[in-house]
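Novice: Sharing a structure, written as structure tokens. Questions coming.
Just so you know, all these numbers are worked out from the coordinates, no wet-lab data involved. Remember, it's a predicted structure, so these values are computed and weren't measured experimentally. Don't worry about glycine lacking a Cβ; one is built from the backbone with ideal geometry, like all the others, and counts go over all protein chains shown.
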Amino acid sequence: MKPRASDYVHLVRMAGLFAVGITAFLVLRWLMVPADFGELGHYRTGAVPDNMARPIVYAGQAVCVECHADVAELRARGKHVRVACESCHGALAAHASNPDGQKPVRPDPRRTCISCHSANISKPKSFPQVVPEEHAPEGSCAACHAVHNPKIS
């Protein structure tokens, strides 16, 4: 039996769908991908000046230690020696550039400590973890622990 033209209609429809899909992809790509993407590799060339124009918000560990050497010395003897100040205290560039005019907010010790030390199966067993409701149902972690050197005080 000889194939009829109507036997191939489903193939023509499928080819049409592929053509529409490829055309839609190319049009969306043309609309959404910036013109400078790919000029110097697989990134947008204008991203570097855009990022350089953003204000600096983090001061860095060395700037904190300049004024707070006592805290740095306390931390150096404790388990938080590798935790940067701005990990708990937030971005401090404004405070570092104007220490008297820009006072940072003191973090809530319970919320801040729990953000890292709440029990989680994905953390290594050697990492100190607590179930906050069992360990200390209420109150601040700072009531029993010195926050910069968290041995029991």
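Novice: Among the candidates 36, 100, single out the residue that is in contact with a Gly (Cβ under 8 Å, 6 or more places away or on another chain), exposed (fewer than 13 other Cβ atoms within 10 Å of the Cβ) and free of Cβ contacts under 8 Å to residues at least 12 places away in the same chain.
Specialist: From the options 36, 100, the qualifying one is 36.
Residue-wise test of (1) touching a helix residue (DSSP H, G or I) at 6+ places or on another chain (Cβ under 8 Å); (2) under 18 Å from residue 149 (Cβ atoms).
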site: 53; (1), (2): no, no
site: 58; (1), (2): yes, no
site: 61; (1), (2): yes, yes
site: 64; (1), (2): yes, yes
site: 89; (1), (2): no, yes
site: 104; (1), (2): yes, no
site: 120; (1), (2): no, no
site: 130; (1), (2): yes, yes
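Novice: So which helices (runs of 4 or more DSSP H) stay within segment 80-153 end to end and still have 2 or more residues that are of a type in the set (S, T, N, Q)?
Specialist: Here the list reads 109-117.
Novice: Which condition does residue 125 not pass, out of (1) closer than 20 Å to residue 139 by Cβ; (2) exposed (fewer than 14 other Cβ atoms within 10 Å of the Cβ), if it passes all the others?
Specialist: In the conditions (1) closer than 20 Å to residue 139 by Cβ; (2) exposed (fewer than 14 other Cβ atoms within 10 Å of the Cβ), residue 125 misses (1) alone.
Novice: Moving to a separate point now. Can you tell me which condition residue 70 does not meet? The list is (1) in contact with a Lys or Arg (Cβ under 9 Å, 6 or more places away or on another chain); (2) over 27 Å from residue 54 (Cα atoms); (3) in a helix (DSSP H, G or I), and all the others hold.
Specialist: Checking residue 70 against (1) in contact with a Lys or Arg (Cβ under 9 Å, 6 or more places away or on another chain); (2) over 27 Å from residue 54 (Cα atoms); (3) in a helix (DSSP H, G or I), the one that fails is (1).
Novice: From the list 78, 90, pick out the single residue that is farther than 22 Å from residue 56 by Cβ and surrounded by 11 or more Cβ atoms within 10 Å (Cβ to Cβ).
Specialist: Sole residue among the options that is farther than 22 Å from residue 56 by Cβ and surrounded by 11 or more Cβ atoms within 10 Å (Cβ to Cβ): 78.
Novice: Take residue 71 and decide whether it is surrounded by 10 or more Cβ atoms within 10 Å (Cβ to Cβ) and in contact (Cβ under 8 Å) with a residue 40 or more places away in the chain.
Specialist: Yes, satisfied.
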